[in-house]
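Okay, so here's the structure we're looking at.
The values are calculated or read from the model by the stated rules, or taken from the named source; none is laboratory data. Worth saying up front: this structure is predicted, and the values here are computed from it rather than measured. Here the Cβ is made from the backbone with ideal geometry for all residues, glycine too, and neighbour counts use every protein chain on show. We work out accessible area using only protein heavy atoms, side chains counted, and drop any ligands, DNA or RNA first. Shrake-Rupley method; radii C 1.70, N 1.55, O 1.52, S 1.80 Å.
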Number of protein chains: 2
Amino acid sequence: MTTVRLRPFYCPVESRIHPDVDLIEERAIAWLDRVRFYRDETERMRIVGTNSAEFYARFAPDGITENVEAAAHWVYWGFAFDDARCDSGEFARSPHEFLVMAGKAQRALENPWHPPPDGDPMVLALQDIGRTFAACATPVQVRRFAEAHRAWLFGVAWQIACRGRGRMPDLAEYTAIRLNSAGGPPTLAMLEIAAGQEVPAAEMDSPAVRALTEMTILVASWDNDLHSYGKEEDEGETGINLINVLRARHGLGAEEAVVRAYALRDRVMNRFLRLRSEVAAKPVSAALRTYLDGLGHAIRGNTDWALRVPRYHGYTGPGEDPRWADAPSDPCPDPVPIPAITWWWDSL
Amino acid sequence: MTTVRLRPFYCPVESRIHPDVDLIEERAIAWLDRVRFYRDETERMRIVGTNSAEFYARFAPDGITENVEAAAHWVYWGFAFDDARCDSGEFARSPHEFLVMAGKAQRALENPWHPPPDGDPMVLALQDIGRTFAACATPVQVRRFAEAHRAWLFGVAWQIACRGRGRMPDLAEYTAIRLNSAGGPPTLAMLEIAAGQEVPAAEMDSPAVRALTEMTILVASWDNDLHSYGKEEDEGETGINLINVLRARHGLGAEEAVVRAYALRDRVMNRFLRLRSEVAAKPVSAALRTYLDGLGHAIRGNTDWALRVPRYHGYTGPGEDPRWADAPSDPCPDPVPIPAITWWWDSL
C-alpha cells in the first residue's frame, strides 16, 4: 500500500445529485438481476458496490429518470467489463484475445436486435442496453454513443498492448491512451441521452465543444488515476496510471509525481472553465447549455462518487475526504507540454 | 496462383468518372512528392500505381475538384499504410505494435495542428490530410471522418489479431471485421466531403442510412476480396478473405466458395438497391440524395477501378474484364444468415 495521499481537488462546480437516485438504483439493480451477466454472488456484490446509479445520478442531476437509469445500466456494465476483461483476467495482457472479444461486443451493440452466435452474457446485456437506448434516445445520440464506445475499446486495447509488452508509456502516449481507455467517451455520450436533449451536430462537433468534452474526459480520467492509485497498487496490477507514468518515465519521485499530476490536472481544469465560459457566452442551443453544465457535473460528480465508493476507498480510507481546493495548484494559463492535447489551448 | 476466375458482377449503377480526373491525379501526385511519406522510388511507384485519384474520381464524379483531390490524398495514404503497416511488414501479425502505432496516428489525425514527438513521416502526412479536411470540410464532416478512421484501425487491429494467432475467422466474425478493416468507413465518410454537402445528422444516423452505408462497405469490401484473391495468394499472405473463410471454416471447395461469395454479395446488393429506392422515395435533403448516389458510385467505381489497377491485375490478367451481370446470381430476398448484418433486412 502506497503512502501517497490525496490532495484537495480544484473543481469549482456545485455538487448535486438526481432527486430520484434511490429509485434509479433500485430499478437498475433489478435490471442487473434480470439480465444476470455476473457469474456469482461475489461478482454481483462487486458490481452493485460500484454505486453506478449514484455515479450517473451525479452526472445528470436534472436528467429524465428513465434515461438516467438507462445510463446507469451501462455504467454498471462498464465497470463489470472493465474489471473482468480489461484490467484483469485473461484479456488484460493479450490484445489478440481482447480485440476479438471486444470487436464482437462492439458489433453486437451496433446491431442490438440480433444476438451473436456465442451467447456471451455480457454481450447480451450490452445488447439489452443498446435496445433501451434505441427506445429512449435519438438515432444521432445512439450513433454518438456507439462511436464513443468503440473509441473506449480502442483505447483499452492500446493500454492492453502496453501492458502485454510490460512497457510503461510516456506522458505523451499515456495521455492519448487515457482520453479513451477510462471509458470517458461513452460515459459522456450518455449526458445528452440522460438529459433527453440532442445537441445539434454543428455545435457538438465544433472544435470548442470537442475540446471541452476531451478536457472533461481527461480530468476525470486523471482523477480516477489518483483515486484508484491505492487500489491498483494493492491488487498488484501493472499500474499504468498517471503517477506511475511520471515516476517511471519522467524520473519523478512519488510525492513529486503527485504534485505534478495535480498541476497538470488543474491546468486543464482551468482551461476547461475558461473555454466553457467563452462558449456559454455565445448564443448557443438550450441542449448545448445543458450539455456544458453536464460536463461540469461529470468532473465534480466523478470525485464526489469516488470518495464514497468501496471500489476506491482503500486509498483515502472511509471518511477521509480530501478538502476541495479554492484555487488551482498551478495557475499557469499556458498549454501543458503534451502534444496530443496542446490544441485545447489554440484559438477555438 | 489460383485458378479461380472472376464472374460477372451484378451492379446496375452507371459507370462515371469526374471530368477533372487527370488534373486531380497530377495535383495529388505533386502532393505525394511534397509530403514524401514513401521511403524510396519503388514505394513511390507502388503508391502512384494505386491509381487512387482515379479511384476517388469514380466515387465522386460530381464532386468539388479540390475536395476530390483531398479525398484522393487520403486514398493514396491509406493504400500505402495498408501495404506497409496492415497487410505486411512488422505490424501485420502483432496487434501490440500495431495498436501503439495506429493509436498515435489516430490521435495525430484528430489534432492535426501539433505534430507528435516522434516525427513518423506517415503520421505527419496524415496530419497534412487532416488540416486539408479542416479547411475544406465542415466540423461535422471532419468528426465523422475521424470516427470512421478509428473504426477502420479498430477493424484492422482485429484482423491482425486473427492473423497473429494463425486463426481463420468464421463468416460471422469475418463479416464484422470486414465492415471496418477494408477502409470502407473513412472512404465513404469522404463522399460528403467530396460533394461539399453535409448530410444532416438526423438523416445520416437514421437506421436506414446507416444500413445503406454499411451495405456499401460490405459489398465493396467483399468485391475487393474477390479482386485481390489472386494477389494475396501470390504474395503468400495469410489470406484472411471471404473465399478462404468459406473454404477453411465452412467446408466449401474453391469454386463453391466463389459461387457462395457472389450469392452473398448479390443478396446484399439487392437489399441495398431496394432500401435505397425506399429512402429516396421520401422527402429527403439534397445532400442525402447526393450521398445515396455516391454510395452507388462507390460500389460500381470500386470495381471499375479494380479491373484496371496494377494492384489487382494478377487476378484477371490485364484486359480480362469480367462482364457485368444483368441479374443477381442469387435473387433470394431473405436476410443472409450472418447475425452481424441481419438487421439490414429489418423494417428500417
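Ranking B:Ala102, B:Ala60, B:Trp345 by Cα position along the charge dipole of chain B, where only Lys, Arg, Asp and Glu carry charges on their C-beta atoms, puts B:Trp345 farthest toward the positive end. Candidate cross-link partners of A:Lys282 among the aspartates and glutamates, defined by an alpha-carbon separation under 17 Å and a same-chain spacing of 8 or more, comprise A:Glu203, A:Asp205, A:Asp293. Taking label points 7 Å from Cα along the Cα-to-Cβ direction, A:Cys332 and A:His114 give a separation of 5.4 nm.
Result for chain A in a Gaussian network model with C-alpha springs under 10 Å: among A:Glu147, A:Glu66, A:Glu278, the largest mean-square fluctuation is at A:Glu278.
With a 10 Å cut-off between alpha carbons and a GNM built on chain A, which of A:Glu90, A:Glu69, A:Glu41 moves the most? Comparing A:Glu90, A:Glu69, A:Glu41 in a Gaussian network model of chain A, the most mobile one is A:Glu41. Among A:Cys11, A:Ser88, A:His250, which residue has its Cα positioned farthest towards the positive end of the charge dipole of chain A, with +1 placed on the Cβ of Lys and Arg, -1 on the Cβ of Asp and Glu, and the dipole taken about the Cα centre? Farthest along the dipole direction, towards plus: A:His250.
Summary for B:Arg249: label point 7 Å along Cα→Cβ; distances to the equivalent points in the other copies, ascending, 3.5 nm.
Between B:Arg323 and A:Glu90, the modelled labels are 5.1 nm apart [label points 7 Å from Cα along Cα→Cβ].
Let me make sure I get this right: for the protein assembly as shown, a, b and c are the square roots of the gyration tensor eigenvalues over alpha carbons, sorted descending. Under 1.5 in a/c it's rounded, otherwise prolate if a/b > b/c, else oblate. Which is it?
prolate
Excluding B:Gly296 itself, what net charge comes from residues whose Cβ is under 9 Å from its Cβ, given Lys and Arg +1 and Asp and Glu -1? Net charge in that neighbourhood comes out at 0. Working value for chain A: equivalent-ellipsoid semi-axes of 28, 25, 20 Å, each the square root of 5 times a Cα gyration tensor eigenvalue, largest first. A:Lys104: which aspartates and glutamates have alpha carbons under 13 Å from its alpha carbon, excluding same-chain residues fewer than 8 sequence positions away? Here the aspartates and glutamates satisfying the reach criterion relative to A:Lys104 are A:Asp118, A:Asp120, B:Asp170, B:Glu173. For the pair B:Asp33 and A:Glu255, label points projected 7 Å from Cα toward Cβ lie 6.2 nm apart. Long hydrophobic helices in chain B, taken as whole DSSP H segments with a C-alpha length of 20 Å or more on their own axis and mean Kyte-Doolittle hydropathy at least -0.5: B:21-35, B:65-81, B:95-110, B:121-136, B:139-164, B:207-234, B:254-280, B:286-306. Return the FRET efficiency for the residue pair B:Glu278, A:Glu66: r is the Cβ-Cβ distance, R0 is 30 Å, and the value is rounded to the nearest 0.05. Here the calculated transfer efficiency is 0.40. Label-point spacing for A:Pro12 across the identical copies (point 7 Å from Cα in the Cβ direction), in nm and ascending order: 6.7. Relative contact order for chain A: 26 percent, from Cα pairs under 8 Å spaced at least 6 residues apart, divided by residue count. Distances between copies at A:Ala281, taken between label points 7 Å from Cα along the C-beta direction, are 5.4 nm in increasing order. Calculated accessible area for segment B:21-345 comes out at 33 Å² per residue, all protein chains present (probe 1.4 Å; ligands, DNA, RNA ignored). With all protein chains in place and a 1.4 Å probe, the accessible surface of segment B:21-345 carries 51 percent carbon and sulfur. Post the alpha-carbon centroid distance, segment B:71-98 to segment A:101-131, in whole angstrom. Segment B:71-98 and segment A:101-131 have Cα centres separated by 29 Å. Overall shape: oblate for segment B:6-81, with the ratio a/c of the largest to smallest alpha carbon gyration tensor axis at 1.5 or above and b/c at least equal to a/b.
What's the magnitude of the charge dipole for the protein assembly as shown around its Cα centre, counting Lys and Arg as +1 and Asp and Glu as -1 at the beta-carbon? Answer in Debye, nearest 20.
For the protein assembly as shown, the charge dipole is close to 160 debye.
Take the accessible area of chain B alone and of chain A alone, subtract that of the pair, and you get about 4300 Å² summed over both chains, using a 1.4 Å probe.
Interface burial in segment A:144-166 reaches 30 Å² or more for A:Glu147, A:Arg150, A:Phe154, A:Trp158, A:Ala161, A:Arg165, comparing the full protein assembly with the chain by itself; accessible area from heavy atoms with a 1.4 Å probe.
Computed over the Cα atoms of segment B:28-119, the ratio of the radius of gyration to the Kirkwood radius (Rg/Rh) comes to 0.99. In chain A, helical runs assigned H by DSSP with n ≥ 4 each contribute -39500 (n - 2.57); averaged across all residues and rounded to the nearest 500, the mean residue ellipticity at 222 nm is -20500 deg cm²/dmol.
Taking the Cα centre of chain B as reference, the dipole from Cβ charges on Lys and Arg (+1) and Asp and Glu (-1) amounts to some 620 debye. The distance linking segment B:22-50 with segment A:166-228 is 37 Å (Cα centroid to Cα centroid, whole angstrom). P(r) for segment A:71-196, from all Cα pairs and a bin width of 10 Å, is 13, 45, 31, 10, 0 %, short bins first.
Considering only A:Asp62, A:Asp120, A:Asp266, the Gaussian network model of chain A with Cα springs below 10 Å gives its largest mean-square fluctuation to A:Asp120.
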